[in-house]
Amino acid sequence: MPEVSLTAVLPRRPLTVGELLDSAVLLLRGQARLLIPLAVLLALGEQLLLHPLRVLADAQPPEYWLDAGRWGWFWLLLAVGAATEATIIALLGNPAARGAGAALLGRRVGPRELLRPAGARWGATVAAAPAIGLAVLVAALLGPAWFVAYGLLGAVVPALVVDRVPASRAPLRALRLAVRSGGRAAGIRLLGYLGWWLIRLGIGLGVFHGLMLLALVDLTDPAWALPVATAAWVGVNAVAYPALACLDAVLHLETRMRTEGLDIRLSRAPADPPEPTLLAVQR
């Protein structure tokens, strides 16, 4: 497979929506050795966490769809699912954002560097991710406000690890970036989520029902249906979640180039400043 140039991953200029989606996929391709294994572990943990709620909601695999008599439990299941997704994407956003920042500066980073704790702000990320999930949970319990919360909070982790802002300022910075240019960043984040939701739905259900048609296992038996459905959803989410984290990363940097002139600042920067200084927000 030909190697993708770093310039192709994230050009130093404002991008179209299509280019942003392409950049996110290219970033994922370059960092897949780290992001996908991490996502497998997190997605498996999510499935285990959601299982008791699915039992209470009587949601059956693989669709886990609504039982009309248990609407309250099902709504709670949806809200917790939205929160776990937001939390996982935020955690994966740490290495994704640092990988995107390095690519913007023309440098390739490997898994070992992205896992290195020095300067990575993992502590702040681990603290911020559940807070993001909690905000999405509360918004989801209120109804369609889930979409608003998800769209507005995508830049929290990139603001922490790339912009180097204090943890207390990261949510406000994320909100400001999300609503600039008529809410462009928030809209693109929701568009990316919708696209990957459709992909996940198609592949996840396709794998399950394909195995049923092939009659390789008896998927009408709950003893088989649950592990097969779990494996299918973990598999598709292990790609979708890193892809969405990569979209957050490239969208954040592109928004800074579009609205703050980051590309111009980098073109005028001397060659000697360290990478964190180049990308950090000037106070």
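Values in this text are rule-based calculations from the coordinates and carry no lab data. Everything numeric here is computed off the predicted structure, so don't read it as measured data. In this analysis, Cβ positions are derived from the backbone assuming ideal geometry, glycine residues included, and neighbour counts consider all displayed protein chains.
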Between L56 and E19, what length in nm is gained on full extension when 0.36 nm per residue of separation is reduced by their alpha carbon distance? 9.1 nm
FRET efficiency, 1/(1 + (r/R0)^6) with R0 25 Å, evaluated for L44 and L105 via beta carbons: 0.15
Calculate I(q)/I(0) for segment 23-76 by the Debye formula, one identical point scatterer on each C-alpha and no solvent, and give its log10 at q = 0.14, 0.15, 0.31 Å⁻¹ to two decimals. -0.54, -0.58, -1.13
Have a look at segment 1-134 and give its Rg and Dmax from the Cα atoms, expressed in angstrom. 18.2, 56
Of R265, R112, how do they rank once you tally other Cβ atoms within 10 Å and put the fewest first? R112, R265
Would you mind getting me the FRET efficiency between V179 and R268? Use the beta-carbon distance for r and R0 = 35 Å, nearest 0.05. 0.80
Here, segment 9-48 modelled as identical Cα point scatterers in vacuum has Debye log10 I(q)/I(0) at q = 0.15, 0.24 Å⁻¹ of -0.48, -0.76
In debye, nearest 20, what is the charge dipole magnitude of the chain about its Cα centre with +1 on Lys and Arg Cβ and -1 on Asp and Glu Cβ, if you could check? 1280
Select from L50, L91, G69 the residue farthest towards the positive end of the dipole of segment 1-140; place +1 on Cβ of Lys and Arg, -1 on Cβ of Asp and Glu, and compute about the Cα centre. L91
Please compute the contact order of the chain in relative form: average sequence separation of alpha-carbon pairs under 8 Å and at least six residues apart, divided by the residue count, as a percent. 28
P(r) histogram, all alpha-carbon pairs of the chain included - 5 Å bins from 0, percent: 1, 6, 12, 16, 18, 16, 11, 8, 6, 3, 2, 1, 0
Convex hull over the Cα atoms of segment 123-264, averaged projected area in nm²? 10.6
Mind giving me the nanometre distance, one decimal, between the label points for L201 and E113, set 7 Å out from Cα along Cα→Cβ? 4.0
